[in-house]
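A short write-up of the structure that comes next.
The values are calculated or read from the model by the stated rules, or taken from the named source; none is laboratory data. This is a predicted model, so every value here is computed, not measured. So basically every Cβ, Gly included, is an ideal-geometry build from the backbone, and we count neighbours across all protein chains shown. The accessibility values were calculated without ligands, DNA or RNA, using every heavy atom of the protein model including side chains. Shrake-Rupley method; radii C 1.70, N 1.55, O 1.52, S 1.80 Å.
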Amino acid sequence: MRTTELVPTEAGDARITYHRAADPRVVLALGHGTSGAIDSRDLAALAGRLPSRGITVALVEQPWKVAGRKLGPSAAKTLDLGWRPVAERLAGQGPALVVGGRSAGARVACRTGAATGAVGVVALAFPLHPPGKPEKSRAQELLESGLPTLVVQGAADPFGGPQEFPELPAGHELVALPYGNHGFEVPKRASLGQDEVLELICRAVGDWVLRVG
């Protein structure tokens, strides 16, 4: 069952699109990137496949997206303000909450997850550094999430491939996809097709969320 809900925040109204499990064991809230949307291939696949496993997927649109702007604010504080009330609302509704997102959405979840009542973080395509600038690392946001954290990273991600990540603390896990850029797009020459890579993502995330939640 799919429903939507607006949530007031200090940055404006955020919107939750629920893809509900019939008997949810856990809720997985996922945010988008600064130029993306909740219909990205990975978020759409997770929303379509995880409810049958007892996971309600809540896709969250930041207030700037709800307002119709094409690009999100650069200030981390503004993004966090648009997310925290949503996560807190979801955490208070019943089943255990795992927060996460792709790219900038993953960074927001890492920064705020522990304070919102979540029990874990899913970081899809975590932007470890700007493309071509590995010296500008954002690893601390990930390392200091304060919660069990799953990272899913494509081998050809210009924002940081799996081999670039530092040693992760206990409770953190890294799933390295054999193919995929920052949007988890698979080249035609790959030995795995696009659907197969999305299935890998859904299986890894689903297994981990059920274990943590």
*Quick one: how many lysine pairs does the chain have with C-alpha atoms less than 28 Å apart and a gap of 8 or more or different chains? Give me the count, please.*
8
*Per residue of the chain, what 222 nm ellipticity follows from adding -39500 (n - 2.57) for every DSSP H run with n ≥ 4, rounded to the nearest 500?*
-8000 deg cm²/dmol
*Name the residue farthest towards the positive end of the dipole of the range 1-106 from the options ALA47, TYR18, GLY100, assuming +1 on Cβ of Lys and Arg, -1 on Cβ of Asp and Glu, about the Cα centre.*
ALA47
*asked:* Could you sort the peptides 58-67, 42-51, 1-10 by per-residue average Cβ neighbour count (10 Å cutoff), highest mean leading?
replied: 58-67, 42-51, 1-10
_Simple label model, 7 Å out from Cα along Cβ direction - ALA44 to GLU167, nm_ = 4.1
*For the chain, report the accessible area per residue in Å² (1.4 Å probe, heavy atoms, rounded to an integer).*
44
*asked:* Through the Karplus equation 6.51 cos²θ - 1.76 cosθ + 1.60, θ set to phi - 60°, convert the phi angles of the range 151-160 into ³J(HN,Hα) values in whole Hz; use x for Gly and Pro.
replied: 10, 10, 10, x, 4, 10, 6, x, 8, x
*Just report the Cα centroid separation between the range 121-144 and the range 171-213, whole Å.*
18
_Just to make sure I understand: if all protein chains stay in place, what is the order of PHE159, PHE126, PHE165 by accessible area at 1.4 Å, largest first?_
PHE159, PHE165, PHE126
*Sort the following peptides by mean Cβ neighbour count (other Cβ atoms within 10 Å, averaged over residues), highest first: 86-92, 68-74.*
86-92, 68-74
*How much FRET efficiency would the formula 1/(1 + (r/R0)^6) give for ALA190 and ASP13, where r is the Cβ-Cβ distance and R0 is 30 Å, rounded to 0.05?*
0.15
*Keeping the other protein chains in place, figure out the carbon and sulfur percent of the accessible area of the range 1-130, with a 1.4 Å probe.*
49
*asked:* For the range 122-201, which trypsin sites (Lys or Arg not before Pro) pass both filters: DSSP loop (anything but H, G, I, E, B) and at most 13 other C-beta atoms within 10 Å?
replied: LYS136, LYS188, ARG189
*Antiparallel bridges, percent of DSSP beta bridges restricted to the chain (to nearest 5)*: 30
*Arranged from highest to lowest average of other beta-carbon atoms within 10 Å per residue, in what order do the peptides 143-154, 11-22, 190-201 appear?*
143-154, 11-22, 190-201
